[in-house]
Structures are given as C-alpha cells and as structure tokens.
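Peer 1: There's a structure below that I have some questions on.
The values are calculated or read from the model by the stated rules, or taken from the named source; none is laboratory data. Since we're looking at a predicted model, the values are computed, not measured. All Cβ positions, even for glycine, are placed from backbone atoms using ideal geometry, and neighbour counts span all protein chains on display. Each accessible area value is taken on the protein alone, full model and side chains, heavy atoms only, with ligands, DNA and RNA left out. Shrake-Rupley method; radii C 1.70, N 1.55, O 1.52, S 1.80 Å.
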Amino acid sequence: MTISQIEACELTKNFDGLLALEQVSVRAESGKITAIVGINGSGKTTLLRLLAGLDMPSDGKILIDTKVVTTEELRGLCTMVFQKSIMLGGKVYDNIAYGLRVNRVSRREIPKKVKSALAFVNLDGFEKRKARKLSSGEQQRVALARALALERAVLLIDEPTANVDPANTMLIEQSIREAAHSRVIVLSTHNLAQARRMSHSAVHLYRGSVVEQGETTSFFANPRDERTILFINGELQF
C-alpha cells in the first residue's frame with residue numbers, strides 16, 4: 001500500500017502516572033526523512049512506538065492520509081527498527097525470512113525478498129552467516145534489511161547508528177536515504193550532525209512535548225525556541 005503521509009495529532013501517553021508525551025503533533029511525508037531529535041528521555045522512542053502501533057496512546061489520534069487509523073491498522077502499515085536490534089539464533093537468512101513467513105509471504109518469494117533486502121544494505125552473500133557473530137554495525141544493517149523486506153509504507157527507526165562504527169554508519173545512512181524514495185521514514189536521533197545531513201524536516205522533543213519543528217535547514221540555522229538553541233549548542237540541561 002502506498003501512502004503520502006502519517007500524522008500524529010495531539011498524542012498523549014501516560015505510563016502509570018508518568019507523562020511520557022503530552023499533546024504531540026507531528027506530520028511526516030512520503031519521499032522524505034523526518035528526524036525526531038532531543039536529549040535522552042525526551043519521548044522520542046515512545047513517539048515511534050505509538051506511530052508503529054506497538055503501544056496505544058492515552059489520548060490523541062494517528063492519521064494515515066487524513067484517515068484515523070487503529071493500532072492494529074498501523075501494525076500492518078508500519079515497521080520499526082529498534083536501537084538495539086535483537087538477532088534470532090541461526091543464520092542471517094533466517095532472521096530476515098522470519099518476518100516474511102509471519103506475514104504469510106509465499107515460500108517461493110521469500111528467497112528473492114531476502115536477497116534483495118540484503119543487497120539493499122550492502123550485505124550481499126551474507127545469507128549463511130551466523131547473525132549473532134556479526135559486528136554491531138552489521139547486525140544493525142541486518143535489522144534494517146529485515147524491516148525493508150516487509151515493504152511497509154512507513155519505516156520508523158530508533159537511533160539507527162548508536163554505537164556503530166563510522167563505516168557502517170555511512171552504509172546505514174545511505175540505505176535509509178535510498179529507502180526514503182518510496183516510503184515515509186521517521187527516525188529518532190540525538191546525533192545532530194546526522195539529523196542535519198539526512199533529514200528533510202526536524203522535530204525537537206523536550207520532556208515529552210514538541211518545542212520546535214520545521215524544515216531542516218531553517219531548523220538548524222534559525223531556531224526560534226530557546227530550548228532548541230541550547231540543544232543545538234550542546235547546552236541544554238535535563
């Protein structure tokens with residue numbers, strides 16, 4: 001399914017009385033990368049999980065192309081790559097094929113999709129490698145391939161290159177840029193240089209609220225909110 005945008009409208013999320021997000025509104029468009037930036041604990045991962053349909057909001061709604069959707073519908077349209085990817089035991093092939101089998105992709109199509117996804121992240125020929133023996137950067141690329149193989153309209157990525165070496169970081173960023181041509185991509189990062197070079201628009205979350213958002217160039221060149229100015233300068237305190 002092709003979509004043009006996903007939109008969060010006044011999303012609020014409480015965890016046992018702890019307010020993690022408060023009336024957050026964000027829109028991300030197909031063909032573009034939207035970066036969610038902020039210090040640790042600002043609510044970035046919580047927002048991605050809500051958009052992915054992995055958690056339910058306490059209040060607010062999520063729209064796909066102006067239509068309100070349920071968490072179940074979101075799970076069919078979105079997929080998420082986590083900061084610390086969990087590799088299943090066995091081969092790289094099995095890790096990518098698992099999600100395809102769960103989604104009832106035909107046995108004939110699975111090998112083609114696995115091969116294509118691995119090529120997309122520059123891991124051609126890795127099918128028989130032991131997944132848990134790979135470097136952290138290679139594992140993150142396998143996780144990205146696993147998500148891309150599902151061919152979902154929305155890809156959500158949490159801290160895509162945390163604790164990843166520069167060479168794998170470059171390859172991951174390259175793959176994400178290519179993937180954005182045909183889908184909506186929302187990524188969270190505390191790496192401002194990464195957000196600046198990769199995204200088309202940026203959103204600053206602070207203590208669960210959006211304090212600033214806009215086109216990336218103007219977001220970094222002319223921030224309006226004092227907290228964003230401090231964050232960009234590395235001076236924002238918890």
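Peer 1: So, restricting to strands (runs of 3 or more DSSP E) that lie completely within the range 29-108, which ones have at least 2 residues that are within 16 Å of GLU159 (Cβ to Cβ)?
Peer 2: Numbers: elements: 33-37, 59-64, 78-81.
It comes to 33-37, 78-81.
Peer 1: Here's something else I'd like to know. Of all the residues that make up the range 7-18, how many are in contact (Cβ under 8 Å) with a residue 40 or more places away in the chain and not in a strand (DSSP E or B)?
Peer 2: Initial filter on the range 7-18 (in contact (Cβ under 8 Å) with a residue 40 or more places away in the chain): 7-14.
Then drop every residue that is not not in a strand (DSSP E or B), which leaves none.
Matching residues across the range 7-18 total 0.
Peer 1: Based on this model, can you work out whether SER116 counts as open to solvent by 30 Å² or more (accessible area, probe 1.4 Å), touching a residue at least 24 places away in the same chain (Cβ under 8 Å), in a helix (DSSP H, G or I) and within 22 Å of SER30 (Cβ to Cβ)? It would help to see each step written out before you state the result.
Peer 2: On the way: open to solvent by 30 Å² or more (accessible area, probe 1.4 Å): yes; touching a residue at least 24 places away in the same chain (Cβ under 8 Å): yes; in a helix (DSSP H, G or I): yes; within 22 Å of SER30 (Cβ to Cβ): yes.
Judged against the criteria, SER116 is a match.
Peer 1: Does at least one position in the range 40-60 carry a residue that is open to solvent by 50 Å² or more (accessible area, probe 1.4 Å), over 28 Å from GLU173 (Cβ atoms) and in contact (Cβ under 8 Å) with a residue 60 or more places away in the chain? Break it down stepwise before answering.
Peer 2: So in the range 40-60, the residues open to solvent by 50 Å² or more (accessible area, probe 1.4 Å) come out as 40-41, 45, 49, 54, 56, 58-59.
Still in the list and also over 28 Å from GLU173 (Cβ atoms): 56, 58-59.
If we keep only those that are in contact (Cβ under 8 Å) with a residue 60 or more places away in the chain too, we end up with none.
For the range 40-60, residues open to solvent by 50 Å² or more (accessible area, probe 1.4 Å), over 28 Å from GLU173 (Cβ atoms) and in contact (Cβ under 8 Å) with a residue 60 or more places away in the chain: absent.
Peer 1: Restricting to the range 119-163, what's the tally of residues that are under 19 Å from CYS78 (Cα atoms), assigned to a loop (DSSP other than H, G, I, E, B) and open to solvent by 20 Å² or more (accessible area, probe 1.4 Å)?
Peer 2: 3
Peer 1: Among the listed residues GLU212, GLU159, GLU173, GLU226, identify the single one that is on the phi > 0 side of the Ramachandran plot and either touching a residue at least 12 places away in the same chain (Cβ under 8 Å) or not basic (Lys, Arg) (or both). Talk me through it step by step, then tell me what you get.
Peer 2: On the way: GLU212 fails: on the phi > 0 side of the Ramachandran plot; GLU173 fails: on the phi > 0 side of the Ramachandran plot; GLU226 fails: on the phi > 0 side of the Ramachandran plot.
So the residue among GLU212, GLU159, GLU173, GLU226 that is on the phi > 0 side of the Ramachandran plot and either touching a residue at least 12 places away in the same chain (Cβ under 8 Å) or not basic (Lys, Arg) (or both) is GLU159.
Peer 1: Let me ask something else about it. Need the failing condition index for LEU21 against (1) in contact (Cβ under 8 Å) with a residue 12 or more places away in the chain; (2) open to solvent by 60 Å² or more (accessible area, probe 1.4 Å); (3) not charged (D, E, K, R), just the number.
Peer 2: Failing condition for LEU21: (2).
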